[in-house]
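Novice: I have a structure I would like to understand better, so I am pasting it below and will then ask my questions one at a time.
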Amino acid sequence: MSKSSARSSTNTPTRKIAVFCGSRPGVGAEHVTLAHDFGEAMAARGSGLVYGASGTGVMDAVARGVLRGGASVTGVVPYDLREREKSFEVQGEVFVVRNMHERKALMYRLSDAFAVLPGGIGTLDELMEVATWNQLGFHRKPLVLVNRDGFYDPLVRLLDHLVDQGFLAPDERALIGETADVQHALDLLGCRRAPVGALTD
């Protein structure tokens, strides 16, 4: 594993949040807007970002939001995906690993909690793996779907269906939080709110 460093914030985050999301922007601007807003909200609470080190799509937007707010950004990317995901263009600290398994393992180790924004198969893979680790007790770290505009409604229905069919216990289902609200998501992830007046002169 190698590490490169471009620019990193001097702020010390109270928590590091891994954000799973797409390296594509999706259809419409709302997914990118949500990601940027979520990144800025994270930074306002002093929370650093751990993500897949992509310079494109939803991933890039959340990183830009965090950097705009002055918090730290840590990216993890497999060597063979650096060019495809434009990782040479990202700012912050970047770890280059050998494969996807190492990428996920390092992201999980570096993070205190996990947020899921819009994304594709890779995002769902990361979500389910983290949820499984929580279910099996390998770790117990908060996990939240940021379900703006019903993006993850089909997945939520599937999870509830698994409970109904006896393949997932209700307490295990509860390990995957869900909210449409950015601030509520950060509350669920254990990110401390800034004291009133702390951001003013």
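The values are calculated or read from the model by the stated rules, or taken from the named source; none is laboratory data. On a predicted model such as this, the values are computed, not experimentally measured, just so you know. Neighbour counts are summed over all protein chains in view; Cβ atoms, including those assigned to glycine, are modelled from backbone coordinates with ideal geometry. Accessible surface is based on the protein model in full, side chains and every heavy atom, while ligands, DNA and RNA are left aside. Shrake-Rupley method; radii C 1.70, N 1.55, O 1.52, S 1.80 Å.
Novice: Quick test of your reading of the structure: L124 fulfils all but one of (1) under 23 Å from G65 (Cβ atoms); (2) open to solvent by less than 20 Å² (accessible area, probe 1.4 Å); (3) in contact with a helix residue (DSSP H, G or I) (Cβ under 8 Å, 6 or more places away or on another chain). Name the failing condition by number.
Specialist: The single condition L124 does not satisfy is (2).
Novice: Another question about this same structure. Any residue in the range 140-161 that is at negative phi sitting within a Cβ distance under 8 Å of a residue that is open to solvent by 50 Å² or more (accessible area, probe 1.4 Å) and among the aliphatic types (A, V, I, L, M)? List the pairs, counting only those 6 or more apart or interchain.
Specialist: Pairs found: P142/L188; V144/L188; V146/A180; N147/A180; R148/A180; L155/L124.
Novice: Quick one: which strands (runs of 3 or more DSSP E) sit completely within the range 40-112 and have at least 2 residues that are open to solvent by 40 Å² or more (accessible area, probe 1.4 Å) and in contact (Cβ under 8 Å) with a residue 12 or more places away in the chain?
Specialist: Filter on the range 40-112 gives an empty set.
Novice: So, restricting to helices (runs of 4 or more DSSP H) that lie completely within the range 126-192, which ones have at least 2 residues that are touching a Lys or Arg at 6+ places or on another chain (Cβ under 9 Å)? So that I can check it myself, show each step before the final result.
Specialist: On the way: elements: 153-164, 170-173, 182-188.
Ranges flagged: 153-164, 182-188.
Novice: Moving on. Scan the range 128-187 for residues that are of a type in the set (K, R) and open to solvent by less than 60 Å² (accessible area, probe 1.4 Å) and jot them down.
Specialist: So the first thing to find is which residues in the range 128-187 are of a type in the set (K, R), and the list is 140-141, 148, 157, 173.
If the condition is that a residue be of a type in the set (K, R) and open to solvent by less than 60 Å² (accessible area, probe 1.4 Å), then K141, R173 are the ones that fit.
Novice: Okay, moving on. Picking from G166, G137, which residue would you name as being modelled with pLDDT of 95 or more and more than 19 Å from E102 (Cα to Cα)?
Specialist: Being modelled with pLDDT of 95 or more and more than 19 Å from E102 (Cα to Cα) holds for just one of G166, G137, which is G166.
Novice: Would you mind finding the one in H161, H184 that is closer than 20 Å to G48 by Cα, of a type outside the set (K, R) and out of contact with any helix residue (DSSP H, G or I) (no Cβ under 7 Å at 6 or more places or on another chain)?
Specialist: Every option except H184 fails the conditions.
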